[in-house]
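Undergrad: The structure under discussion is supplied below as structure tokens; questions concerning it will follow.
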Amino acid sequence: MDVVITPSTLSGTARAPPSKSYTHRAILAAGYSGGALVYDPLVSADTKATMQAVDLLGGDVIETGDGDVEVTGFDGRPDVPPDVVECANSGTTMRLLTGAAALADGITVLTGDESLRSRPHGPLLPAIEDLGGRAESTRGNGQAPLVVEGPIEGGTVSMPGDVSSQFVTSLLMAGALVDDGIEIELETELKSAPYVDITVELLDAFGVDAGETDDGYRVEGGQFYEPTDGEYHVPGDFSSISYLLAAGAVAADEDEDVRVESAYPSAQGDTAIVSILERMGADVDWNRTDGVATVGRSDLSGVDVDVGDTPDLLPTVAALGAIADGETRIVNCEHVRYKETDRVSVMADELATLGAAVEEREDELLVRGGESDLQGGTVDGHADHRIVMALAVAALAADGPTTLTGAEHVDVSFPDFFEVLYDLGADIDR
């Protein structure tokens, strides 16, 4: 689907979608339990992959008519799936389900689409081997398809922390269900650490105790997943909120603000978008008690932003940098190259197509807004939801219309994104 965005002014109130990260974890945690009702989940292409995977492991996931999800769990003992587990484009599904598959007494095969089959899973595979299981890449390159055989026994594993925090999450969630638990020793600094904080926070809500050690993380074995009152409420998604706040900062009506609801505090690292906007000079206010963030159109200035813990913010910050005065320097971003796309390179190329002055380095992205002149044009979303939404933000502030190809991929995390922008006043033609 192509979307044409004409420069527009925005105002009004939008509601953030539920968190994709929390939804993935909540659906799997409910599967690990005897069952749970998950309120306000994000139902999207990625999270549906996790729901279907839980079904294949012996659970039963049903979408209720009012938008919630009812999960009948497999009570800590997953079945060997009757078919290949198809993870589509969801790296989170594949990594979390690799740990779950290692609990089953038999062989599980996990695969995904072309993009997912190019992403690294290597460090998780020897970790499962060290825990008494079997885990192999069919092509011997650490990439899917993966073959996993359990059950694992638990123990101590060592792995790098600078590839993906999801490896830690996968083992923590599975480790509570083995007798000996799992201790993870990190060989390098953990990137995207707030995502493990999300995991620990969610595990606590499901009655599972896990936490940091001096050199990594530990979860005790023999625990049970038992959510309070048999239910869990998914918070709003700050990765998605980042696009709405950025859109307001660059395109809000001069006399009216953009207001975003369901912006409650949580362990999400992407809440950093509020402080980043403040440092850039945006008129932004976050009422944490009411869960409301408000932003007005602002004259922005470039800043340095470290995305080591917040990789999903790179596209948003890059788009803001193309509009701000001066230079925005995004650092510590090499791991952002291993997402649905190489987001460092893709944002550099597509912003340059719009007229931005961009310099790409191995671990940095420099966007020189003062030298940029966004004219609009045709840009490719590269089948990546975050690229599509970030480019839409830049398009709002360009001098001419922008055609965004592959816009349908917002379905991965924010299916109503363009409807929400339209309701705020954006001139959008689909």
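The values are calculated or read from the model by the stated rules, or taken from the named source; none is laboratory data. On a predicted model such as this, the values are computed, not experimentally measured, just so you know. As a convention, Cβ positions derive from the backbone with ideal geometry for all residues, glycine included, and neighbour counts pool all protein chains shown.
Undergrad: Please go through the range 358-391 and give me each residue that is of a type in the set (Gly, Ala, Ser), within 18 Å of the chain's Cα centre (by Cα) and within 21 Å of Gly425 (Cα to Cα), ordered by number.
TA: Ala390, the sole residue that qualifies.
Undergrad: Return the pairs, sorted by first residue and then second, in which the second residue is exposed (fewer than 15 other Cβ atoms within 10 Å of the Cβ), the first residue lies in the range 212-223 and is among the hydroxyl-bearing types (Ser, Thr, Tyr), the beta carbons are less than 8 Å apart, and the residues are 6+ apart or on different chains.
TA: From residues that are among the hydroxyl-bearing types (Ser, Thr, Tyr), the pairs are Tyr217/Gly211.
Undergrad: Find the residue count for the range 135-181, including only residues that are closer than 16 Å to Arg77 by Cβ and either in contact with a Phe, Trp or Tyr (Cβ under 6 Å, 6 or more places away or on another chain) or of a type in the set (A, V, I, L, M) (or both).
TA: The total comes to 7.
Undergrad: Additional query: Taking the range 15-41 as the region of interest, how many residues are surrounded by 24 or more Cβ atoms within 10 Å (Cβ to Cβ) and either outside any helix (DSSP H, G or I) or among the aromatic types (Phe, Trp, Tyr) (or both)?
TA: 10
Undergrad: In the range 148-168, which residues are assigned to a strand (DSSP E or B), among the hydrophobic types (A, V, I, L, M, F, W, C) and either touching a residue at least 40 places away in the same chain (Cβ under 8 Å) or under 28 Å from Glu226 (Cβ atoms) (or both)?
TA: We begin by selecting, within the range 148-168, every residue assigned to a strand (DSSP E or B); these are 148-149, 155-159.
Narrowing further to those that are among the hydrophobic types (A, V, I, L, M, F, W, C): 148, 157, 159.
Hits for the range 148-168 are Val148, Val157.
Residue-by-condition table, conditions (1) assigned by TED's automatic domain parsing to the domain that holds Gly154; (2) closer than 19 Å to Thr328 by Cβ; (3) in contact with a helix residue (DSSP H, G or I) (Cβ under 8 Å, 6 or more places away or on another chain):
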{"residue": "Pro227", "(1), (2), (3)": "yes, no, yes"}
{"residue": "Leu244", "(1), (2), (3)": "no, no, yes"}
{"residue": "Gly248", "(1), (2), (3)": "no, yes, no"}
{"residue": "Asp255", "(1), (2), (3)": "no, no, no"}
{"residue": "Arg259", "(1), (2), (3)": "no, no, no"}
{"residue": "Ala267", "(1), (2), (3)": "no, no, yes"}
{"residue": "Thr271", "(1), (2), (3)": "no, no, yes"}
{"residue": "Arg279", "(1), (2), (3)": "no, yes, no"}
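Undergrad: Can you find, within the range 145-203, the residue that is farthest from Gly236 (Cα to Cα) among those that are of a type in the set (Ser, Thr, Tyr) and under 24 Å from the mean Cα position of the chain (by Cα)?
TA: Across the range 145-203, the extreme among qualifying residues is Thr188.
Undergrad: Also, quick follow-up: With respect to Leu391, is the statement that it is free of Cβ contacts under 8 Å to residues at least 40 places away in the same chain, buried (at least 17 other Cβ atoms within 10 Å of the Cβ) and assigned by TED's automatic domain parsing to the domain that holds Glu334 true?
TA: Numbers: free of Cβ contacts under 8 Å to residues at least 40 places away in the same chain: no; buried (at least 17 other Cβ atoms within 10 Å of the Cβ): yes; assigned by TED's automatic domain parsing to the domain that holds Glu334: yes.
The answer is no for Leu391.
Undergrad: Checking the condition modelled with pLDDT of 95 or more, crowded, with 24+ Cβ neighbours inside 10 Å and in contact with a Gly (Cβ under 9 Å, 6 or more places away or on another chain), which residue from Val317, Val295 passes?
TA: Val295
Undergrad: Now a separate question. Residues in the range 221-258 that are crowded, with 17+ Cβ neighbours inside 10 Å, in contact with a Gly (Cβ under 6 Å, 6 or more places away or on another chain) and charged (D, E, K, R): how many? First the steps, then the outcome.
TA: Step one: filter the range 221-258 for residues crowded, with 17+ Cβ neighbours inside 10 Å, giving 223, 225, 227, 232, 234-253, 257-258.
Going one step further and asking which of them are in contact with a Gly (Cβ under 6 Å, 6 or more places away or on another chain), we end up with 252, 257-258.
Narrowing further to those that are charged (D, E, K, R): 257.
So the answer is 1.
Undergrad: May I pose another question? Can you tell which of Glu254, Glu231, Glu278 is without any contact (Cβ under 8 Å) to a residue 60 or more places away in the chain and over 20 Å from the mean Cα position of the chain (by Cα)?
TA: Glu278
Undergrad: Restricting attention to the range 257-275, and to residues there that are acidic (Asp, Glu) and over 16 Å from the mean Cα position of the chain (by Cα), which single residue is nearest to Ala318 (Cα to Cα)?
TA: Checking each candidate, the answer is Asp257.
Undergrad: Since Thr353 meets every condition but one in (1) of a type in the set (Val, Ile, Thr); (2) outside any helix (DSSP H, G or I); (3) within 24 Å of Ala251 (Cβ to Cβ), which condition does it not meet?
TA: It is condition (2) that Thr353 fails.
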